[in-house]
1. Could you tell me which residue of the stretch 139-160 is nearest to ALA104 (Cα to Cα), considering only residues that are of a type in the set (A, V, I, L, M, F, W, C) and more than 19 Å from the chain's Cα centre (by Cα)?
2. What are the residues in the stretch 164-201 that are part of a strand (DSSP E or B) and crowded, with 17+ Cβ neighbours inside 10 Å, if any?
3. Go through ALA27, ALA87 for me and flag whichever is small (Gly, Ala, Ser), crowded, with 17+ Cβ neighbours inside 10 Å and modelled with pLDDT of 90 or more.
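The values are calculated or read from the model by the stated rules, or taken from the named source; none is laboratory data. Small disclaimer: the values here were computed from a predicted structure and weren't measured. Glycine also receives a Cβ, built like all others from the backbone with ideal geometry; neighbour counts cover every protein chain displayed.
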Amino acid sequence: MSNKISAADIKSLRERTGAGLMDCKKALAECDADIDKAIEYLRKKGLAAAAKKAGRLASEGLVVSYIHSNNRVGVLLEVNCETDFVAVTDDFKTFCADVAMQIAAMSPLVVAREEVDPALVERERAIYREKALAEGKPEKIVDRIVDGQVNKYYSEACLLEQKFVKDDKKTIEQLLKELIAKLGENIKIRRFTRYELGEGLEKKSEDFAAEVAAQLSDR
C-alpha cells in the first residue's frame, strides 16, 4: 500500500461507496489518494460492470407501494433482481422506496424511452418543428432544436432519464447502475402504476345561472 494511503482513507471510501476493501485500495492507489477522484474511479468501474450484468435474468425482487402523505397519490412498483437474498437487503429496499417516491413526485409515463409510443414521439416532434419555424428559427438549425426538445421530453416522460429528486446530479438510471455495481446482480425496474385521486374523471362544472333558473321555476 502506498504511504499516502491510510486505513482511515480506505474506511472513508468504503463508507461513501460501499465498494470492497481491495477495490478501495486500488482506487486510492490509482488516484493518488484523492478520495473524490477515487469515488469517480469506482463509479466508472461500477457502471462498466453493470453493463456486463445487463443480460442476466432477473426474476426475483419486490413489489412495493408508496402512498404520499396527503393520501392523494399512490404508486405500485415492481423491481427485479437475480436472487431473493439481494431482494431483502436494505440497499435494495431503499432503492425501491426511493424509486416509488420518485414516480409519485415526478409522474413519469414509462420506465425507458423504448416504451414510448413512436407515434406520440413523432407528434411531439411535429409540434416542436412547427413552433420553431413559427418563431422564425433558421431552417438549418430547426432539426437540432427539435432533437433537443425531444430529448427533453424523454427526460421528463421516462423514469430512467429523470433526475433523482433526492440528488439532481444523478439520473434514476445512474442510481440503478450504481446499485448493480454495489450488489453485484442485474437489477431492473420492470413496471409501475401511479394513481392520483380523481385522475381520469371529468369534474362536474357548476352552472350557477342554470341552478338559479331551476330554483326560480320551482317556486
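1. Pass one, the stretch 139-160, residues of a type in the set (A, V, I, L, M, F, W, C): 141-142, 145-146, 150, 157-160.
Adding the requirement that they be more than 19 Å from the chain's Cα centre (by Cα) leaves 141-142, 145-146.
On the way: ILE141: 36, VAL142: 34, ILE145: 30, VAL146: 29 Å.
Checking each candidate, the answer is VAL146.
2. The initial filter retains those residues of the stretch 164-201 that are part of a strand (DSSP E or B), namely 164, 167-171, 188-196.
Answer for the stretch 164-201, where residues must be part of a strand (DSSP E or B) and crowded, with 17+ Cβ neighbours inside 10 Å: PHE164, THR171, LYS188, ILE189, PHE192, ARG194.
3. On the way: ALA27 fails: modelled with pLDDT of 90 or more.
From the options ALA27, ALA87, the qualifying one is ALA87.
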